[in-house]
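K.L.:
First, the structure itself, so that you have it in front of you.
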Amino acid sequence: MPGPPSLSHRALALQPSLTLAISARAKALQQQGVDVCSLSAGEPDFGTPEFIVEATIQALRDGITRYGPAAGDPELRAAIAQKLSLENKIPTTADQVLVTNGGKQAIYNLFQVLLNPGDEVIIPAPYWLSYPEIVRLAGGKPVTVRSSASDGFGLDLNLIEQSITSATKVLVLNSPGNPTGRVLCLSELEALAELVRKHPNLMVMSDEIYEYLLEDGESHHSFAAVAPDLRERCFVVNGFAKGWAMTGWRLGYLSGDSTVIKAAAALQSQSTSNVCSFAQRGALAALQGSRDCVRAMAVSYNTRRAELCTGLQQMEGITLVPPRGAFYAFPRLPDAITDSLAFCERALEQEGLAIVPGGAFGDDRCVRLSCAVSRETISEGLSRFQRLLTSP
Ligand code: PLP
């Protein structure tokens with residue numbers, strides 16, 4: 001065979017996750033002794049709460065180290081179903097829940113079992129960067145619907161409706177959203193539900209992974225709770241990574257129509273099998289425990305998000321739509337800067353500042369900064385960001 005093995009079209013078309021790549025590059029530079037200030041993280045800076053760790057250690061001691069059912073431990077599926085029923089007001093049974101390797105695999109599995117080649121998925125921009133890639137991997141076509149910082153990143157229902165074609169299968173919702181921190185309020189969800197009602201073949205994927213990370217005065221509403229009549233067409237993606245600081249555990253879930261869940265479980269049984277058995281015990285402990293730890297972390301992000309936003313709002317040329325949830329800010333750069341990737345490369349080279357280009361999220365005029373870092377790092381990051389804006 002001359003040269004290396006040729007890759008599949010699927011692999012050749014794939015864009016690796018830019019956020020993970022930037023975090024990795026920042027860590028590598030740090031290890032080489034470069035003074036890096038990273039606001040690129042997409043993960044909590046807390047350790048996993050101790051009671052969850054303890055439950056997992058106990059599970060290991062109890063020999064919970066074997067294969068389990070591909071769809072997840074029955075106790076955990078039941079606990080997730082109960083959480084969805086009580087907290088999110090979406091009546092759910094255990095057979096409507098699939099435990100996955102993170103929210104990411106929940107999305108991956110869903111699109112794999114729903115989409116045929118050419119099926120379209122509407123993704124309001126700015127969006128979490130993995131959605132379009134996961135849609136493409138399933139043979140689908142991502143259709144992005146723009147919004148901009150100048151109109152508050154509001155969802156434009158007319159634009160969404162105009163994007164619906166006979167090939168449209170799924171509408172993606174993400175609230176609180178990554179990267180903008182946008183939180184969909186009740187009236188927006190109701191208006192969306194009206195739109196979905198008009199299109200009987202349209203399904204909804206609601207990614208609620210940041211549900212607990214909300215500014216004071218905000219509340220989280222699940223689309224499926226707002227529109228009970230649309231429940232069979234609505235799929236919830238969620239996980240333990242952001243709320244409970246469990247990113248490395250790889251624990252998420254998909255919930256919705258049991259036929260789809262069964263198909264997704266079959267897919268999982270032929271790909272990754274069950275999520276790590278003892279880690280699932282940790283997730284069970286998380287759900288059964290008090291939410292105090294989650295609330296305490298959310299309060300801490302709120303303080304730091306406010307500091308990050310105040311700093312950004314004082315900078316000339318920066319437009320910031322104040323984020324209402326999650327742990328990011330997504331400012332629009334001054335008009336003269338039109339290439340977010342080039343700006344972020346310069347940030348890393350010139351100032352040792354790691355931030356994520358908005359282009360990866362569907363808006364090349366913005367960058368994403370995380371507040372899930374220490375207050376000192378936020379303050380230092382803001383100084384470096386300011387210097388970048390004032391130097392050529
Ligand atoms: N959804 C959104 C909006 C995210 O930001 C992330 C992670 O950054 C995920 C889903 C996936 O989370 P995980 O696979 O770590 O559970």
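K.L.:
When you go through (1) in contact (Cβ under 8 Å) with a residue 60 or more places away in the chain; (2) in contact with a helix residue (DSSP H, G or I) (Cβ under 7 Å, 6 or more places away or on another chain); (3) not charged (D, E, K, R) one by one for Pro74, which number turns out not to apply?
P.N.:
Failed condition: (1).
K.L.:
Additional query: Go through the residues of region 55-63 one by one and say whether even a single one is of a type in the set (Lys, Arg), surrounded by 14 or more Cβ atoms within 10 Å (Cβ to Cβ) and either part of a loop (DSSP other than H, G, I, E, B) or modelled with pLDDT of 95 or more (or both).
P.N.:
No, because not a single residue in region 55-63 is of a type in the set (Lys, Arg), surrounded by 14 or more Cβ atoms within 10 Å (Cβ to Cβ) and either part of a loop (DSSP other than H, G, I, E, B) or modelled with pLDDT of 95 or more (or both).
K.L.:
Any residue that is farther than 19 Å from Val260 by Cβ and either in contact with a helix residue (DSSP H, G or I) (Cβ under 6 Å, 6 or more places away or on another chain) or within 16 Å of the ligand (Cβ to nearest atom) (or both) - is there at least one of those in region 231-240?
P.N.:
yes
K.L.:
Here's a follow-up. For the condition within 16 Å of the ligand (Cβ to nearest atom) and surrounded by fewer than 19 Cβ atoms within 10 Å (Cβ to Cβ), what is the one hit in Leu39, Leu20, Leu7?
P.N.:
Leu20
K.L.:
Could you grab the pairs with beta carbons closer than 7 Å, sequence gap of 6+ or different chains, first residue in region 103-122 and farther than 21 Å from Lys262 by Cα and at pLDDT 95 or above, second one within 12 Å of the ligand (Cβ to nearest atom) and open to solvent by less than 40 Å² (accessible area, probe 1.4 Å)?
P.N.:
If the second residue must be within 12 Å of the ligand (Cβ to nearest atom) and open to solvent by less than 40 Å² (accessible area, probe 1.4 Å), the pairs left are Val121/Val172; Ile122/Val172.
K.L.:
With the requirement that a residue be among the basic types (Lys, Arg) and over 22 Å from Ala329 (Cβ atoms), what does region 1-43 give you?
P.N.:
Answer for region 1-43, where residues must be among the basic types (Lys, Arg) and over 22 Å from Ala329 (Cβ atoms): just Arg10.
K.L.:
Is it the case that Asp151 is open to solvent by 60 Å² or more (accessible area, probe 1.4 Å) and farther than 21 Å from Arg233 by Cα?
P.N.:
yes
K.L.:
Given the conditions (1) touching a strand residue (DSSP E or B) at 6+ places or on another chain (Cβ under 9 Å); (2) assigned to a loop (DSSP other than H, G, I, E, B), report the number of the one that Ser23 does not fulfil.
P.N.:
(2)
K.L.:
Further question on the same structure: Among the residues of region 138-181, how many are in a loop (DSSP other than H, G, I, E, B) and not aromatic (Phe, Trp, Tyr)?
P.N.:
The total comes to 21.
K.L.:
Taking region 71-93 as the region of interest, how many residues are more than 18 Å from Gln268 (Cβ to Cβ) and outside any helix (DSSP H, G or I)?
P.N.:
Summing the residues that are more than 18 Å from Gln268 (Cβ to Cβ) and outside any helix (DSSP H, G or I) in region 71-93 gives 7.
K.L.:
Against the conditions (1) touching a Gly at 6+ places or on another chain (Cβ under 6 Å); (2) loosely packed, with under 15 Cβ neighbours inside 10 Å; (3) β-branched (Val, Ile, Thr), where does Val121 fall short? Just the number, please.
P.N.:
With (1) touching a Gly at 6+ places or on another chain (Cβ under 6 Å); (2) loosely packed, with under 15 Cβ neighbours inside 10 Å; (3) β-branched (Val, Ile, Thr) applied to Val121, the lone miss is (2).
The values are calculated or read from the model by the stated rules, or taken from the named source; none is laboratory data. Quick caveat, the model's predicted, so the values are computed rather than measured. Note that we place each Cβ from the backbone using ideal geometry, even for glycine, and neighbour counts take in every protein chain shown. Quick note on the areas: whole protein, heavy atoms, side chains included, nothing else; ligands and nucleic acids left out. Shrake-Rupley method; radii C 1.70, N 1.55, O 1.52, S 1.80 Å.
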